Amino acid sequence: MEMIEPSAPGYRSPAPAPPPPTSGDVATVVGSALRCAARVAVMILRHQLHRDPTRVGSQVRLPDGRTFRIFRETSSDAPAEGRPVTLAVRFHLRGVPSGSRLRRFLFERESILNTVLFAGFSGYLVKLWMVDPESADYAGLYLWSGTDSADRYARYITAALRPLSIAGSVGYEIIDESDLNTFIVGAKV
């Protein structure tokens with residue numbers, strides 16, 4: 001397996017944890033998810049979403065120093081609408097405890113269905129789906145078009161993940177001055 005470490009230019013420190021969601025926040029998350037799912041349905045019909053096995057099995061070190069293994073890569077044909085940035089999102093699901101191989105295996109197969117939660121968002125280009133096999137922590141490393149749209153998506157997905165995850169495990173970072181390929185290729189070990 002190949003080990004990939006981040007290059008650090010443009011790294012922004014992790015966003016502070018927001019307060020617990022209110023009922024208005026929940027309605028916003030649900031509305032965003034429904035709009036995203038509708039756009040994904042159109043993209044699927046137009047064959048604009050793809051899977052690429054090239055990096056599957058590689059390891060990536062995130063800006064916080066933790067190492068994850070890539071288990072899936074997906075991409076969109078959407079045109080870049082802004083300067084590409086790298087977005088790292090991390091979480092630990094309540095139902096997938098450390099050491100639980102079966103639950104981890106099942107989640108990693110089921111998670112392709114979660115594409116409807118992100119691929120229709122404006123700015124989505126690529127996602128590397130990742131796991132730390134020892135801790136069962138998960139991460140998504142994205143190529144996103146534009147810092148503002150990456151931040152909007154990150155706030156949405158962390159609000160959606162927070163009730164499903166262990167307290168304090170959900171967070172994100174945006175690496176402003178690095179697209180995904182530069183982030184990965186520029187720091188191979």
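Using 0.36 nm per residue of separation minus the Cα-Cα distance, give me the extension gain between R101 and R51 in nm, one decimal.
Details: separation 50, 0.36 × 50 = 18.00 nm, distance 2.36 nm.
So the extension gain works out to 15.6 nm.
Got a sec? How would E177, E110 order by Cβ neighbour count within 10 Å, fewest to most? Walk me through the numbers before you get to the answer.
On the way: E177 16, E110 9.
With the fewest neighbours first, E177, E110 line up as E110, E177.
How big is the dipole moment of region 62-178 about its Cα centre under a simple scheme where the beta carbon of each Lys and Arg is +1, that of each Asp and Glu is -1, and everything else is neutral? Debye, nearest 20, please. Don't skip to the answer; put the middle values down first.
On the way: 14 positive and 14 negative charges, 110 e Å.
Approximately 540 debye in magnitude.
Each value in this text was obtained by applying a stated rule to the coordinates, not by laboratory testing. Given the structure is predicted, the values throughout are model-derived calculations rather than measurements. When we count neighbours, we look across all protein chains shown, and the Cβ atoms used for this are built from the backbone with ideal geometry, even at glycine.
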